[in-house]
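Here the structure is laid out as structure tokens; the discussion comes afterwards.
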Amino acid sequence: MPYDWAMCGESRLSRIVLMVLAGIASLGSSSCAPPAISGDFDSPHPAARLFAARRAAAQTDPAAARDAIPGLIRNLDSDDPAVRLVSIEALYELTGETYGYKHYDPEWMRAEAVRRWAQAWEHGEVTLRNGLRVGPDTLPRQPANERAASGG
């Protein structure tokens with residue numbers, strides 16, 4: 001009986017594909033990235049920055065929203081388009097504003113919009129959806145022991 005080269009090629013190719021897929025799957029499970037249920041805006045891992053942005057977008061506490069805005073603005077400059085997209089969506093959820101930022105624009109156009117965001121933040125011109133204007137010097141955090149002493 002002659003050797004069936006086509007059959008050999010198909011089964012060998014199938015085995016190679018399965019080995020490659022198994023290798024890729026094992027890489028995902030041994031990753032050093034934090035789980036997508038934690039992280040912050042300055043993490044080197046995009047998944048952590050995405051989580052932080054989504055958590056920020058859901059903020060109802062004005063002080064927590066205010067604290068998140070600088071990190072969201074920094075992440076508008078990310079080289080990861082998903083981080084940029086989720087960051088501008090979070091800023092829009094919090095403020096109703098984009099300052100012309102589009103995550104898919106060329107870098108020079110994004111840089112101009114990031115500059116507008118940074119300037120608005122620095123000048124206290126960012127307004128939360130509840131109408132409260134916020135900036136670097138607004139809503140100062142008071143330590144718990146000072147609040148207790150002042151009766152607040």
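The values are calculated or read from the model by the stated rules, or taken from the named source; none is laboratory data. Since the model is a prediction, treat every value here as computed from it, not as a measurement. Positions of Cβ are generated from backbone atoms using ideal geometry, with glycine treated the same way; all protein chains shown enter the neighbour counts.
How many of the residues in the range 104-131 are within 16 Å of Gly71 (Cα to Cα), touching a helix residue (DSSP H, G or I) at 6+ places or on another chain (Cβ under 7 Å) and assigned to a loop (DSSP other than H, G, I, E, B)?
Looking only at that region, the number is 1.
Find the residue count for the range 77-97, including only residues that are within 10 Å of the chain's Cα centre (by Cα) and assigned to a helix (DSSP H, G or I). Quick ask: steps written out before the conclusion?
Initially, the range 77-97 is screened for residues within 10 Å of the chain's Cα centre (by Cα), giving 78, 80-90.
If we keep only those that are assigned to a helix (DSSP H, G or I) too, we end up with 81-90.
Residues that pass the stated criteria total 10.
Tell me, please, whether a residue that is within 20 Å of Gln119 (Cα to Cα) and not in a helix (DSSP H, G or I) can be found in the range 59-76.
Checked against the condition, which is being within 20 Å of Gln119 (Cα to Cα) and not in a helix (DSSP H, G or I), the range 59-76 yields at least one hit.
Might you let me know whether the range 25-40 holds any residue that is in a loop (DSSP other than H, G, I, E, B), at pLDDT 70 or above and surrounded by 19 or more Cβ atoms within 10 Å (Cβ to Cβ)? Steps first, please.
Here is the first cut: in the range 25-40, the ones in a loop (DSSP other than H, G, I, E, B) are 30-40.
Adding the requirement that they be at pLDDT 70 or above leaves 39-40.
Next, from what is left, pick out any that are surrounded by 19 or more Cβ atoms within 10 Å (Cβ to Cβ): 39.
Among the residues of the range 25-40, at least one is in a loop (DSSP other than H, G, I, E, B), at pLDDT 70 or above and surrounded by 19 or more Cβ atoms within 10 Å (Cβ to Cβ), which makes the answer yes.
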